[in-house]
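Colleague: Here you go, one structure.
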């Protein structure tokens with residue numbers, strides 16, 4: 001797993017980052033950002049094409065990267081949170097009790113309730 005994460009995570013963040021850039025351009029009508037220049041082994045960097053103050057540019061870049069990373073974490077968590085439940089459900093469907101019809105289960109449960117009342 002540790003060998004997979006270093007190659008997978010940068011790709012995920014890059015895709016989300018580019019999506020955030022496109023959404024920013026859509027929401028603002030025109031984006032001050034150009035497509036990012038990066039390779040996956042270095043930090044993301046957006047060229048300052050709007051002639052704004054370097055600190056202001058870096059603040060915007062930091063905000064965008066922070067938002068992207070938070071979204072990536074939430075997306076992974078929401079996707080994977082349901083996986084164990086789905087897998088357990090699928091596993092349980094292979095148990096013998098799932099082969100019984102609803103009518104047979106009703107008879108068994110009624111019998112169990114009647115036995116419990118007699119105690």
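Colleague: Apply 1/(1 + (r/R0)^6) to the Cβ-Cβ distance of residue 109 and residue 81, taking R0 = 30 Å, and write down the FRET efficiency to the nearest 0.05.
Modeller: The formula returns an efficiency of 0.45 here.
Colleague: For q values of 0.14, 0.17, 0.26 Å⁻¹, compute log₁₀ I(q)/I(0) with the Debye formula on a Cα-only model of region 45-119, without solvent.
Modeller: Here the Debye-derived log intensity ratios amount to -0.73, -0.84, -1.09.
Colleague: What are the extents of the Cα atoms of region 76-119 along their three principal axes, listed from largest to smallest and rounded to whole Å?
Modeller: Sorted largest first, the three principal extents are 51, 23, 13 Å.
Colleague: At 7 Å along Cα-to-Cβ for each site, give me the label-to-label distance between residue 69 and residue 95 in nm.
Modeller: In this crude spin-label approximation the distance works out to 4.3 nm.
Every number here is computed from the coordinates shown, using simple stated rules; none is lab data. Source: prediction; values computed, not measured. No Cβ is skipped: glycine too gets one built from the backbone with ideal geometry, and neighbour counts run over all protein chains shown.
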